[in-house]
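This report concerns only the one structure given below.
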Amino acid sequence: MFEQTFKNIDDILHKDAGCGSELDYVEQTSWILFLKYLDDLEKDRATAAELTGKSYTPIIDKDYQWTIWAMPKKPKSGTVSGVELDHHKALTGDDLTDFVNIKLFPYLKKFKADAESADTIEYKIGEIFSELKNRIQSGYNLREVINRIDELRFSTHVEKHEMSHLYESKIQNMGNAGRNGGEYYTPRPLITTIVKVVAPQIGNKIYDGAVGSAGFLCEAFDYLKNRPSTGSGNGLSSKDWETLQKRTFYGKEKKSLAYIIGTMNMIFHGIEAPNIIHTNTLAENLADIQEKDRYDIVLANPPFGGKERAEVQQNFPIKTGETASLFLQHFIKILKAGGKAGVVIKNTFLSNTDNASVALRKQLLESCNLHTVLDLPSGTFTGAGVKTVVLFFEKGKATQKVWFYQLNLDRNLGKTNPLNENDLAEFVALQKLALSGAEGTADSDNSWSIDVKSIDQSTFDLSVKNPNKKEAVLLRSPNEILEEMKALDEESNKLLKGIAEFL
């Protein structure tokens, strides 16, 4: 249902002068989809209130409700209970775009100022519509998109799960749309694996300072909502559920589109009022971070290759223009003692010889237990063209041993052949053994441990060099080499003879 609808909407938007790329398609589909989702959420809340004998006050005033401006219905002729679009009441063309641009968006923007607090869905509605604008220029195209989205239903868990999954797919496609879409998306199988290894618990505060499309926070939510209850009985208690909704997931995002998409992605996954702030994380001075600001878990894939201005670098003890290195300093500082992290970073971080990289590796090894490094193959990030590693560490005690796992696959990764969870199954299994302390049991053709005392104490070089990977060396006999040279000479002579005859 959702997949075909999304394809049809993309086809409509492709024809609109205001939408030029996949980024625009995602952005414009998102705000309309959000308002339909909100309408279904209001219906669910009204039904729940009715069942308990309570009254329900809608979030959205009547004139701005989906069933009034977007999809006014009338009884379908020839049926007892069916309904259809009332074309006499439904806005279209310029009337529709004028209503959306002049009335609807300004009305929804005001929710931010009027909301009781930032952790309410009302506040998030205001934030979303303060950041977005309608780019669909044709009111007829907009009517078609609304009609398509109205066909979608979000009433069951299965429907919500399918929709959130396909919304993730749309975000992934942004990576092929040019501009900066790709930096918003980390492959879901990798995120799932990182969350599984870090293993957060209900009650932990989980943070991503480069939240992007909020993939890490959404996956951590999916992981935790299926955990055993902290109280008696099966499933989550109402207290656990409230903890997950309001006091578990936190993020910061600098870019407007990523911030909006991340917020909506979390709402679609079932977190009604995401604690995501639209800000430049790196503008925060590390010296200002207090104990109350710290988190139990950090899950992140900070942008790499970026450069930060000199005034931003002043916020950090180790000065560098490399964005990812600044983020890593931020993550170490913002973790509580005993806090755990899973962070994706360029593999060159392990061996760069510049002063900042050396100082940062030294800090990481001395202030945290860097217990695991996962080395990923090229192509893990579609179109990125760089190799990455995942650093797993715990704050509060120095590193003594680092366990490395090099993911060696028998195929090349790419858009049509992406990473999957099975690719990482051996890593997850061996990593548990490595952390259990059973000496040597976690070693394999792809994994090994190093003692930090054995590395160069002036550079702290942690380059990934697999001692168990035997390079196949093809040794040929002198006779074989001479035979090949002879065959090549004969082939050259034939070519020269043919050219001479032609001349």
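A few points about this structure:
- Scanning region 215-236 for residues that are modelled with pLDDT of 90 or more and surrounded by fewer than 24 Cβ atoms within 10 Å (Cβ to Cβ) returns 219, 221, 222, 223, 224, 225.
- Test: residue in region 17-38 that is in contact with a helix residue (DSSP H, G or I) (Cβ under 9 Å, 6 or more places away or on another chain), over 20 Å from residue 132 (Cα atoms) and modelled with pLDDT under 95: no
- Criterion: under 23 Å from residue 22 (Cα atoms) and under 24 Å from the mean Cα position of the chain (by Cα) - qualifying residue of 161, 157: 161
- Only residues that are at pLDDT below 95, hydroxyl-bearing (Ser, Thr, Tyr) and surrounded by 18 or more Cβ atoms within 10 Å (Cβ to Cβ) were counted in region 360-380, giving 1.
- Residue match in region 321-332 (condition: farther than 24 Å from residue 396 by Cα, crowded, with 21+ Cβ neighbours inside 10 Å and either among the aromatic types (Phe, Trp, Tyr) or modelled with pLDDT under 95 (or both)): yes
- First in region 68-81 and free of Cβ contacts under 8 Å to residues at least 40 places away in the same chain and not assigned by TED's automatic domain parsing to the domain that holds residue 96, second anywhere and outside any loop (DSSP other than H, G, I, E, B) and exposed (fewer than 12 other Cβ atoms within 10 Å of the Cβ), Cβ under 9 Å, 6 or more apart: none
- Within the span defined as region 268-290, one or more residues are among the acidic types (Asp, Glu), under 15 Å from residue 329 (Cα atoms) and at pLDDT 90 or above.
- Pairs meeting the criteria (first residue in region 327-347 and at positive phi and assigned by TED's automatic domain parsing to the domain that holds residue 211, second residue part of a strand (DSSP E or B) and among the basic types (Lys, Arg), beta carbons under 7 Å, at least 6 apart or on different chains) are 338/395.
- Yes/no for residue 176 being modelled with pLDDT under 90, touching an Asp or Glu at 6+ places or on another chain (Cβ under 8 Å) and not hydrophobic (A, V, I, L, M, F, W, C): yes
- Selection status of residue 409, modelled with pLDDT of 95 or more and on the phi < 0 side of the Ramachandran plot: no
- Top-ranked residue in region 310-326 [being part of a helix (DSSP H, G or I) and either touching a residue at least 40 places away in the same chain (Cβ under 8 Å) or among the small types (Gly, Ala, Ser) (or both); ranked as nearest to residue 291 (Cα to Cα)]: 326
- Selected residue (criterion: nearest to residue 459 (Cα to Cα)) from residues of region 334-380 that are among the small types (Gly, Ala, Ser) and assigned to a loop (DSSP other than H, G, I, E, B): 351
- Listed by position, the helices (runs of 4 or more DSSP H) contained in region 215-305 that have at least 2 residues being over 24 Å from residue 394 (Cβ atoms) and touching a strand residue (DSSP E or B) at 6+ places or on another chain (Cβ under 7 Å) are 256-269.
- Annotation note: of 47, 57, 52, the sole residue that is surrounded by 11 or more Cβ atoms within 10 Å (Cβ to Cβ) and either out of contact with any helix residue (DSSP H, G or I) (no Cβ under 7 Å at 6 or more places or on another chain) or among the charged types (D, E, K, R) (or both) is 47.
- Sole exception among (1) more than 16 Å from residue 146 (Cα to Cα); (2) surrounded by fewer than 16 Cβ atoms within 10 Å (Cβ to Cβ) for residue 86, by number: (1)
The values are calculated or read from the model by the stated rules, or taken from the named source; none is laboratory data. In this text the structure is predicted, and so the values were computed from the model without any measurement. Cβ coordinates were reconstructed from backbone atoms using ideal geometry, including for glycine residues, and neighbour counts include every protein chain displayed.
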